[in-house]
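The values are calculated or read from the model by the stated rules, or taken from the named source; none is laboratory data. Keep in mind that this is a model prediction, so the values were computed, not measured. FYI the Cβ positions are ideal-geometry reconstructions off the backbone, even for glycines, and counts take in every protein chain you see. Remember, those area values only see protein heavy atoms, side chains included, never the ligands or the DNA or RNA. Shrake-Rupley method; radii C 1.70, N 1.55, O 1.52, S 1.80 Å.
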Amino acid sequence: MTTAVAAEYSAPAKIILFGEHAVVHGQPAIAAPVSSLRAFASVTPASAGSGLAIDVADLDTRLTISSGGAVPDHPLARAACLLLDTICRPPPDLRVTLRSQIPIASGLGSGAALTTALMRALVGAGGMSIPDAVLNELVYEVEREFHGTPSGIDNTVVVYERTIWFVRGEPPALLTVGKPFDLVVADTGVHASTKDAVAGVHALLAADPAGTRPVIEAIGALAHRARSTIARGDIRSLGPLMNENHRLLQRLTASSDELDRLAAAALSAGAWGAKLSGGGRGGNMIALCPPGAEAELAAALLAAGARRTIMTKVEAHE
Ligand code: PMV
């Protein structure tokens, strides 16, 4: 494997605009990258025979992988091995340093972004390239091994870095976005397990299928309406759809007091719509921002207890 110079690779965070949880049960969902918030993998050559060292800067963790050595029981070590197997390479003599601007366990796809950046680094360091579709499969494989049975939406939006229409088990469709729009993402500061929240919905379905199935289908119907609303650039009309999606997620036990408080604060401060984003029960809320109102909305969310806010734009696309 040839690595002449240091290089840096990255992948973005993501938000789910519509359809989380219902997507696990076959309904469509819409997700967008947050390109201003990223995970980075920087590569530097290491001495001959030293193997692959992956330094996870934020966790103070070093994972070492060498030919014939035991693989550390860690998603990122597993990701590296899976990628090297796929490109038929032994562990290279490299140091990969991973760092991330994406808060963990908050529904922003930090795991998928780190895995993607690491895999890109190993491919790039070998002077190779792999199609996004293959990379997406590999990142999904790692997500699946370590996070139960994810729908695949996180890895897909992170790898393609485009706003997508996603149906489990189908190739993703790139979404037409008629006009760009702004969102404020507000972090409750509460770490929540997506796996537990997903299990909660499974439990509801098992206990009360007749009451739960229509809620899941209603979320799918909202995603369809949102798709055409986004395509024609009727941004303001997205707001009520987001509010309705949040109410349906509450019925699936995916919300929390903190998320509800932030959503209410966003609406009082003039947001056109607000909902939780991702697994919920903590993590992040997203609010649809009228043009020019970002700063005011962010201030209102911080005053209502948000740990931090991020402004992001969903870019227009044909
Ligand atoms: O990883 P998170 O917290 O953004 O949630 C993913 C979205 C879910 O629909 C709740 C789960 C999934 O696998 O799609």
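Quick notes on this one:
- All strands (runs of 3 or more DSSP E) inside the stretch 273-318 with 1 or more residues being open to solvent by less than 70 Å² (accessible area, probe 1.4 Å), of a type in the set (Ser, Thr, Tyr) and within 14 Å of His246 (Cα to Cα): 273-277
- Residues that are within 15 Å of the chain's Cα centre (by Cα) and either open to solvent by less than 10 Å² (accessible area, probe 1.4 Å) or β-branched (Val, Ile, Thr) (or both), drawn from the stretch 22-61: Val23, Val24, Ala29, Ile30, Ala31, Ala32, Val34, Ala39
- Residues that are charged (D, E, K, R) and within 17 Å of Ser277 (Cβ to Cβ), drawn from the stretch 228-250: Glu244, Arg247
- Leu82 passes every criterion in (1) modelled with pLDDT of 95 or more; (2) under 30 Å from Arg281 (Cα atoms) apart from (2).
Residue-by-condition table, conditions (1) open to solvent by 20 Å² or more (accessible area, probe 1.4 Å); (2) in a helix (DSSP H, G or I); (3) within 13 Å of the ligand (Cβ to nearest atom):
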| residue | (1), (2), (3) |
| --- | --- |
| Asp85 | yes, yes, no |
| Arg95 | yes, no, no |
| Arg99 | yes, no, no |
| Ile102 | no, no, yes |
| Ser129 | yes, no, no |
| Ala133 | yes, yes, no |
| Arg144 | yes, yes, yes |
| Val185 | no, no, yes |
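- Checking Thr156 against (1) away from the ligand (no atom under 11 Å from the Cβ); (2) in contact with a Pro (Cβ under 6 Å, 6 or more places away or on another chain); (3) of a type outside the set (D, E, K, R), the condition it does not meet: (1)
- Pairs where the first residue, in the stretch 277-306, is within 18 Å of Arg236 (Cα to Cα) and the second is in a strand (DSSP E or B) and open to solvent by 40 Å² or more (accessible area, probe 1.4 Å), C-beta under 7 Å, 6+ apart: Glu294/Met311
- Matching option when the condition is within 15 Å of the ligand (Cβ to nearest atom) and either in the same structural domain as Ala186 (by TED's automatic domain parsing) or not aromatic (Phe, Trp, Tyr) (or both), among Thr309, Thr229, Thr253: Thr253
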